[in-house]
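Engineer: Okay, here's the structure, questions in a sec.
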Amino acid sequence: MKSKSHLFIVIFCVFSNARYVHSLVEGLYCGVENCYDVLGVTRESSKSAIGKAYRNLAKKLHPDVQGADVSKEEAEKNFHRIATAYEVLRDDASREDYDYMVDHPEEMYTHYYRYYRRRAAPNVDIRIILAVCISIISGIQYYSAWDRYETAIKYLTTVQKYRIRATEIAKQEGLFNEDGKKKNKDKSKEKEEKEQIIRKVIEEKMDIRGGYAKPDWKQILWIQLIILPYTIYQYVKWYIIWVYKFNIRKEEYGEEEKLYLIKKHLKLSRLEFDALEDHTREEYLELGLWEKSKAIEWKAEKEEELKRELSQSARHKAYRRYLKKGTGRLTFDDS
């Protein structure tokens with residue numbers, strides 16, 4: 001009976017050891033060796049104990065301190081073993097993956113994925129990556145806004161009515177300084193100064209709205225993310241006041257509230273609504289478009305009017321004929 005129990009223990013140890021060896025794979029982590037055994041530590045050892053064990057072994061096994069009886073290749077191989085084991089165990093995430101591989105040898109493909117994913121992935125804090133991405137987007141956003149604004153200003157300086165208006169304002173404010181002109185002043189330089197004055201007047205006096213308005217640093221992504229909690233607070237506060245004033249107490253809408261409802265019912269974006277001229281907003285208020293039914297009716301009438309204009313347009317008729325043909329070329333004779 002005693003011999004049978006001894007046989008059972010031997011068989012159990014053999015199978016346990018076979019399973020343990022199978023869990024270690026050549027090419028992953030420390031290969032067929034156990035990383036803890038390489039450094040002479042256990043799975044319960046702390047990170048500081050692992051670091052201390054590695055430093056002690058590095059002093060003994062560094063190729064520069066090996067004796068002549070040890071070949072250079074063997075010394076480098078020994079040092080590489082302990083360096084690899086330390087690289088695996090010093091990082092908490094890598095150590096966790098290694099322990100998982102030892103405990104779950106059957107999930108071989110998972111171990112390969114985890115190992116190579118960690119080696120291929122950049123060792124950079126995700127917060128730094130996000131910060132860099134947000135900074136790049138914010139920079140592009142601000143630069144694009146300035147580019148659109150510059151395009152709008154350049155265009156307005158070429159439109160005659162804006163130039164005339166800007167010239168009148170400049171003369172009224174004495175910006176041209178015509179009395180102090182020198183007779184021998186260069187004409188090209190004088191023209192250039194005049195253009196700069198007109199541009200400055202247009203920038204300061206003309207109200208450019210919508211997507212071509214002057215960039216506001218508060219609208220860039222970084223600032224919007226920073227003030228997001230305050231923005232959410234303001235919206236919740238506004239919504240509660242709106243419900244209390246107009247849904248519960250049934251108060252009449254003010255001009256600001258009416259304009260908000262007009263923007264909502266006409267499905268205009270903030271940039272589209274900001275680009276509307278003052279007389280257009282007054283027209284919408286006179287039509288009572290803050291009422292949803294009137295807004296829907298007015299919008300349908302505008303769409304029908306646009307369809308009639310397009311149907312009477314020679315260019316649109318030519319385009320429709322082109323679509324009906326399906327193939328072929330649209331020539332000037334068709335327009």
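Engineer: Return yes when residue 167 is β-branched (Val, Ile, Thr), without any contact (Cβ under 8 Å) to a residue 40 or more places away in the chain and buried (at least 16 other Cβ atoms within 10 Å of the Cβ) and no when it is not.
Structural biologist: yes
Engineer: Let me ask another. Of the numbered conditions (1) modelled with pLDDT under 90; (2) among the β-branched types (Val, Ile, Thr); (3) out of contact with any Leu (no Cβ under 6 Å at 6 or more places or on another chain), residue 202 satisfies every one except a single condition; which is it?
Structural biologist: With (1) modelled with pLDDT under 90; (2) among the β-branched types (Val, Ile, Thr); (3) out of contact with any Leu (no Cβ under 6 Å at 6 or more places or on another chain) applied to residue 202, the lone miss is (3).
Engineer: Return the residue satisfying two criteria in turn: it lies in the stretch 31-45 and is of a type outside the set (D, E, K, R) and open to solvent by 60 Å² or more (accessible area, probe 1.4 Å), and of such residues it is farthest from residue 100 (Cα to Cα). Please lay out each step first, then the result.
Structural biologist: Of the residues in the stretch 31-45, the ones of a type outside the set (D, E, K, R) are 31-32, 34-36, 38-42, 45.
With the extra rule that they be open to solvent by 60 Å² or more (accessible area, probe 1.4 Å), the set shrinks to 32, 40, 42.
On the way: 32: 15, 40: 20, 42: 15 Å.
Here the answer is 40.
Engineer: Further, regarding this structure: Find the residue count for the stretch 208-250, including only residues that are part of a loop (DSSP other than H, G, I, E, B) and open to solvent by 70 Å² or more (accessible area, probe 1.4 Å).
Structural biologist: Count: 3.
Engineer: On to the next question. Just to be sure before I move on: is residue 112 at pLDDT 90 or above, open to solvent by 40 Å² or more (accessible area, probe 1.4 Å) and of a type outside the set (S, T, N, Q) in the structure I sent? First the steps, then the outcome.
Structural biologist: Details: at pLDDT 90 or above: no; open to solvent by 40 Å² or more (accessible area, probe 1.4 Å): yes; of a type outside the set (S, T, N, Q): yes.
The answer is no for residue 112.
Engineer: Where residues in the stretch 135-154 are of a type outside the set (Asp, Glu) and closer than 14 Å to residue 196 by Cα, which of them is least open to solvent (accessible area, probe 1.4 Å)? Show your work before the answer.
Structural biologist: Applying the first criterion (of a type outside the set (Asp, Glu)) to the stretch 135-154 yields 135-146, 148-149, 151-154.
Now drop any that are not closer than 14 Å to residue 196 by Cα, which leaves 153-154.
Details: 153: 0, 154: 123 Å².
It comes out as 153.
Engineer: While we're looking at this one, here's another question. Using the structure shown, decide if residue 161 is modelled with pLDDT of 85 or more, more than 19 Å from the chain's Cα centre (by Cα) and under 24 Å from residue 277 (Cβ atoms).
Structural biologist: On the way: modelled with pLDDT of 85 or more: no; more than 19 Å from the chain's Cα centre (by Cα): yes; under 24 Å from residue 277 (Cβ atoms): yes.
The answer is no for residue 161.
Engineer: Considering only residues that are at pLDDT below 60 and among the β-branched types (Val, Ile, Thr), look in the stretch 294-335 and name the one that is surrounded by the most Cβ atoms within 10 Å (Cβ to Cβ).
Structural biologist: This residue is 331.
Engineer: Now, a different point. Go through (1) closer than 28 Å to residue 208 by Cα; (2) surrounded by 14 or more Cβ atoms within 10 Å (Cβ to Cβ); (3) free of Cβ contacts under 8 Å to residues at least 40 places away in the same chain for residue 291 and report which single condition fails.
Structural biologist: Just one mismatch for residue 291, condition (1).
Engineer: Now a separate question. Go through the residues of the stretch 265-285 one by one and say whether even a single one is open to solvent by 60 Å² or more (accessible area, probe 1.4 Å), closer than 23 Å to residue 148 by Cβ, free of Cβ contacts under 8 Å to residues at least 12 places away in the same chain and part of a helix (DSSP H, G or I).
Structural biologist: Yes, the conditions are met somewhere in the stretch 265-285.
This table checks each residue for (1) out of contact with any helix residue (DSSP H, G or I) (no Cβ under 8 Å at 6 or more places or on another chain); (2) part of a loop (DSSP other than H, G, I, E, B); (3) among the hydroxyl-bearing types (Ser, Thr, Tyr).
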residue: 28; (1), (2), (3): no, yes, no
residue: 38; (1), (2), (3): no, no, no
residue: 49; (1), (2), (3): yes, no, no
residue: 56; (1), (2), (3): yes, no, no
residue: 77; (1), (2), (3): yes, no, no
residue: 100; (1), (2), (3): no, no, yes
residue: 116; (1), (2), (3): yes, no, yes
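Engineer: For the stretch 52-99: of the residues being hydroxyl-bearing (Ser, Thr, Tyr) and surrounded by 13 or more Cβ atoms within 10 Å (Cβ to Cβ), which is farthest from the chain's Cα centre (by Cα)? Working first, answer last.
Structural biologist: Narrowing the stretch 52-99 to residues hydroxyl-bearing (Ser, Thr, Tyr): 54, 71, 84, 86, 94, 98.
In the following step, the residues that additionally are surrounded by 13 or more Cβ atoms within 10 Å (Cβ to Cβ) were identified as 54, 84, 86, 94, 98.
Values: 54: 42, 84: 37, 86: 37, 94: 30, 98: 35 Å.
The residue in question is 54.
The values are calculated or read from the model by the stated rules, or taken from the named source; none is laboratory data. In this text the structure is predicted, and so the values were computed from the model without any measurement. Every residue, glycine as well, gets a Cβ built from its backbone with ideal geometry; the counts of neighbours run over all protein chains shown. Remember, those area values only see protein heavy atoms, side chains included, never the ligands or the DNA or RNA. Shrake-Rupley method; radii C 1.70, N 1.55, O 1.52, S 1.80 Å.
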